[in-house]
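The values are calculated or read from the model by the stated rules, or taken from the named source; none is laboratory data. Keep in mind the model is a prediction, meaning the values are calculated, not measured. Glycine also receives a Cβ, built like all others from the backbone with ideal geometry; neighbour counts cover every protein chain displayed.
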Amino acid sequence: MAGRGSEGAPHGQPGGRTAELRERVGEFVRDRVIPYEPVLDAGGPDAVAALGVLQGRAKQEGLWALPLPAHLGGRGLTFGEYAELAEAEGASDHGPAALGSAPLLDVSMLERHAQSGVRDRYLRRLVAGETRTCYAMTEPEVPGTDPFMTGTRAVRQPDGRWAVTGRKWFTSGAAGADLVTVLARTDGQTGDREGLSLLLVPTDSPGFRVVRELPVLGATGQWEIEFDQVGVPADHLVGARGQALAIAGERLQRGRTLRCLRWLGQAQRAFDLMCERAVARGGSRGPLAGHQLVQQQVFDALLALRTTRPMVHEAVALIDAGKDAHIEVGLAKVAAARMLQQVTDAAIQVHGAAGLGPDTALPALFRTGRAARILDGPDELHITAVARRVLRGYGGLSPTRP
Ligand SMILES: Cc1cc2nc3c(=O)[nH]c(=O)nc-3n(C[C@H](O)[C@H](O)[C@H](O)COP(=O)(O)OP(=O)(O)OC[C@H]3O[C@@H](n4cnc5c(N)ncnc54)[C@H](O)[C@@H]3O)c2cc1C
């Protein structure tokens, strides 16, 4: 959270109702969520209980589900309004779950593309935090960067139901989820550009299995899951048959941008810790802050924060206006991931051994920064996609192949 100096903090004030909400969300994350982080990071029943306590408080304080639709029980902030406070909420990885914003992408996707029976059955419960979802695209056996290679299959049964078979991994939150949205091939052959669909699978269905946990640099939260002829009702197909990649693309644009805002919040937190440490840690020649090479770390981190933030908000503004934001989202994703890794690394360096030990959030923030360069599409994918779009504008390169 913003510290005493808060020099990397956002400039420009949000207007109207978001200004006050941003303040309150920031306080909630700083005073309530961050103290619980060690318990939440450890996972297991204690983490579930702690999250329940935080969610109850968020509801009491009127901070629950701020960006979710009002007619489903949320507060109904627009994407642009929510973006003004998503940085404060995301200063902790656990902020969105504690404040009920975590299902935003699933709720938006299902509201837009699910059939009416499915919407009636699940949406209110999702917004209330009574039902949890996860999203499974990536598979162990094929590159996640190439969805046409998806090996999971959904086969239409004579009674209209689907039978889903396959394996997914690094599915965030799968072990505690009630529903999983699965990318599966419903038509064609492996490698075809068509024939991929999304299905919503209840995790209590026979044949669904959590195979194992996949700790990421020691952190909990990722799982490998298996589908063995899992029966899925016909109306649980999300969107039209064969439309998975269009729906996933829509979801990823918003998802990546939200993630960038949260990474900004976490980088701000690391920056504040670094500056506080530099000023407080004294030696025989004065505080660390007096060393020019420490000042260099502060300058470079501030530069990274200040140059990344406007890029992320440019992507938000385009998405909010319904305009094409492929280039801006790609630029923001790569810039924000690099920035988080750079700022957390600098903060660790200035802390010395304490930066790697258990007494600050820096190891967890650094871990998020490292994972950021891989999840939501590795940086390389965004770099080549953005460059290709730009070069097409100069008359080079076809839309599909290098
Ligand atoms: C913490 C975390 C949470 C995740 N959560 C989820 C989730 O909830 N649901 C889900 O479905 N997945 C999730 N993932 C998986 C993530 O989306 C994939 O790891 C990512 O899409 C990359 O796929 P892959 O791991 O199969 O890498 P691969 O596709 O095998 O790629 C490996 C590497 O090859 C290089 N590469 C690939 N393509 C190119 C290219 N075109 N040009 C240059 N280099 C390239 C890159 O360096 C890349 O990192 C998560 C991952 C992490 C780490």
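Worth a mention:
- Number of positions in the range 80-100 that are farther than 24 Å from Val39 by Cβ, of a type outside the set (D, E, K, R) and touching a Pro at 6+ places or on another chain (Cβ under 7 Å): 1
Each row is one residue, and each column tells you yes or no for (1) closer than 21 Å to Ala47 by Cβ; (2) not aromatic (Phe, Trp, Tyr).
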residue	(1), (2)
Thr145	no, yes
Phe148	no, no
Arg153	no, yes
Val164	no, yes
Ser172	yes, yes
Gly176	yes, yes
Asp192	no, yes
Asp204	no, yes
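- Test: residue in the range 262-279 that is touching a strand residue (DSSP E or B) at 6+ places or on another chain (Cβ under 7 Å), outside the structural domain of Ala42 (by TED's automatic domain parsing) and at pLDDT 95 or above: yes
- Filtered by the rule that a residue be small (Gly, Ala, Ser) and buried (at least 20 other Cβ atoms within 10 Å of the Cβ), the range 145-178 gives Ala154, Gly166, Ala174, Ala177.
- Pairs are defined by a Cβ separation below 8 Å, a sequence spacing of at least 6 or placement on different chains, a first member in the range 41-52 that is β-branched (Val, Ile, Thr), and a second member that is surrounded by 11 or more Cβ atoms within 10 Å (Cβ to Cβ); the pairs so defined are Val48/Gly176.
- Only one entry in Arg277, Arg251 is under 17 Å from the mean Cα position of the chain (by Cα) and either outside any helix (DSSP H, G or I) or surrounded by fewer than 24 Cβ atoms within 10 Å (Cβ to Cβ) (or both), namely Arg251.
- Filtering Gly144, Gly151 for residues that are in contact with a strand residue (DSSP E or B) (Cβ under 6 Å, 6 or more places away or on another chain) and either closer than 29 Å to Pro378 by Cβ or in a helix (DSSP H, G or I) (or both) leaves a single hit, Gly151.
- Any hit, the range 213-232, residues being in contact with a strand residue (DSSP E or B) (Cβ under 8 Å, 6 or more places away or on another chain), part of a strand (DSSP E or B), of a type in the set (S, T, N, Q) and at positive phi: yes
- Helices (runs of 4 or more DSSP H) (entirely within the range 290-402) containing at least 3 residues that are surrounded by 15 or more Cβ atoms within 10 Å (Cβ to Cβ) and within 16 Å of the ligand (Cβ to nearest atom): 326-351, 362-372, 379-393
- Answer from Leu77, Leu105 - the residue that is closer than 30 Å to Ala267 by Cβ, at pLDDT 95 or above and within 16 Å of the ligand (Cβ to nearest atom): Leu105
- Selected residue (criterion: nearest to the chain's Cα centre (by Cα)) from residues of the range 178-190 that are more than 27 Å from Gly43 (Cα to Cα) and not hydroxyl-bearing (Ser, Thr, Tyr): Ala184
- The set of residues from the range 106-119 being in contact (Cβ under 8 Å) with a residue 60 or more places away in the chain and over 21 Å from the mean Cα position of the chain (by Cα) comprises Ala114, Gln115, Gly117, Val118.
- Failed item in (1) within 17 Å of Ile225 (Cβ to Cβ); (2) free of Cβ contacts under 8 Å to residues at least 12 places away in the same chain, with Leu200 passing the rest: (2)
- Test: residue in the range 72-83 that is in a helix (DSSP H, G or I), touching a Ser or Thr at 6+ places or on another chain (Cβ under 7 Å) and either surrounded by fewer than 24 Cβ atoms within 10 Å (Cβ to Cβ) or among the β-branched types (Val, Ile, Thr) (or both): yes
- Of all residues in the range 179-204 being part of a loop (DSSP other than H, G, I, E, B) and either in the same structural domain as Met109 (by TED's automatic domain parsing) or buried (at least 16 other Cβ atoms within 10 Å of the Cβ) (or both), the one that is nearest to the ligand (Cβ to nearest atom): Thr203
- Annotation: of all residues in the range 120-154 being more than 18 Å from Trp223 (Cα to Cα), over 23 Å from the mean Cα position of the chain (by Cα) and charged (D, E, K, R), the one that is nearest to the ligand (Cβ to nearest atom) is Arg153.
- First in the range 286-306 and under 26 Å from Ala332 (Cα atoms), second anywhere and at pLDDT below 95, Cβ under 7 Å, 6 or more apart: Leu302/Glu7; Leu302/Gly8; Leu305/Gly8; Arg306/Gly8
- Summed over the range 209-238, the residues that are surrounded by 20 or more Cβ atoms within 10 Å (Cβ to Cβ) and away from the ligand (no atom under 16 Å from the Cβ) give a count of 4.
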